[in-house]
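See structure below.
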Amino acid sequence: VNEMALPIIAVPKYQLTIPSTNKEVNFRPFLVKEEKILLIAMESEDEAQMTTAIRDIIGNCIYEKLEVSQMPMFDIEYIFLQLRAKSKGEVIDLSFDCTKCQKPIKTDIDISKITITKTEGHDPKIPLSDDVGVIMKYPSMEIQNIINKENSDVENIFSTISSCIESIWDKETVYSSKDHTKAEIDQFLESLPDSAFTKIQKFFDTVPVLKHEFELKCQNKNGKGKKASICGHKETKTLEGLASFFV
């Protein structure tokens with residue numbers, strides 16, 4: 001007996017540009033299977049499970065092959081937000097409490113228009129002295145997960161920096177981190193003067209971020225009858241990082 005295949009609904013194809021590389025890739029919206037992965041991860045309230053879910057969803061929905069776990073977190077957050085916009089709607093509703101009257105202020109944001117904010121002067125190539133410097137890479141999802149699991153805060157910072165040194169250079173040679181042990185890289189970092197270490201920390205302080213700044217004006221009424229007046233309080237809000245868009 002010839003069984004007829006069940007119908008499949010065609011899905012639209014979209015394009016986005018990966019912020020760190022300016023490379024264009026094609027993607028499709030979430031299907032029910034991706035929605036299911038996301039809901040299970042959100043129910044767990046486990047950060048590691050959430051990042052794994054996001055990695056798997058991006059891997060499923062982008063047509064080109066990407067090493068998602070090796071990508072910078074800001075790339076992953078941006079891509080996921082674009083997928084979310086085309087899958088579940090570009091406008092999200094948010095609510096904040098007015099800092100003056102404490103009543104809720106409702107607003108909506110078009111997440112498809114949110115971009116990565118880059119700090120002026122941010123550069124992965126960092127001269128540490130007249131003849132020694134480092135070339136940095138951004139913390140990947142994989143590095144972030146390893147670090148979050150293993151270490152305390154101070155070790156966390158040190159581990160991140162150590163993992164993100166791509167190469168070290170002097171006047172004659174470029175030393176790739178791949179050719180050296182973690183212990184050797186750690187020793188190099190520990191031997192730096194404080195001023196040089198501060199330059200490396202600045203690289204992390206200015207890493208590109210998924211960020212959106214906007215102004216809110218409270219239209220809530222306070223008081224009753226003729227004495228009622230509109231609060232009118234204005235304040236600037238900043239949303240930063242993926243989690244803040246899904247509060």
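The values are calculated or read from the model by the stated rules, or taken from the named source; none is laboratory data. In this text, all values refer to a predicted model and were calculated from it rather than measured experimentally. Neighbour counts are summed over all protein chains in view; Cβ atoms, including those assigned to glycine, are modelled from backbone coordinates with ideal geometry.
To keep it simple, each residue is scored yes or no on (1) buried (at least 16 other Cβ atoms within 10 Å of the Cβ); (2) within 30 Å of PRO124 (Cα to Cα); (3) out of contact with any Pro (no Cβ under 8 Å at 6 or more places or on another chain).
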| position | (1), (2), (3) |
| --- | --- |
| ARG28 | yes, no, no |
| ILE40 | no, no, yes |
| SER44 | no, no, yes |
| ALA48 | no, yes, yes |
| THR51 | yes, yes, yes |
| GLY59 | no, yes, yes |
| GLU67 | no, yes, yes |
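Tallying residues that are part of a helix (DSSP H, G or I) and within 20 Å of LYS137 (Cα to Cα) within region 52-74 yields 6. Within region 75-103, the set of residues being in contact (Cβ under 8 Å) with a residue 60 or more places away in the chain, outside any loop (DSSP other than H, G, I, E, B) and farther than 18 Å from ASN26 by Cα comprises ILE92, LEU94, PHE96. Residues that are modelled with pLDDT under 95, within 21 Å of CYS164 (Cβ to Cβ) and aliphatic (A, V, I, L, M) were ranked within region 15-65; the one that is nearest to the chain's Cα centre (by Cα) is ILE54. Applying the condition of being within 30 Å of THR206 (Cβ to Cβ) and of a type in the set (Gly, Ala, Ser) to region 75-127 and asking which residue is surrounded by the fewest Cβ atoms within 10 Å (Cβ to Cβ) yields GLY121.
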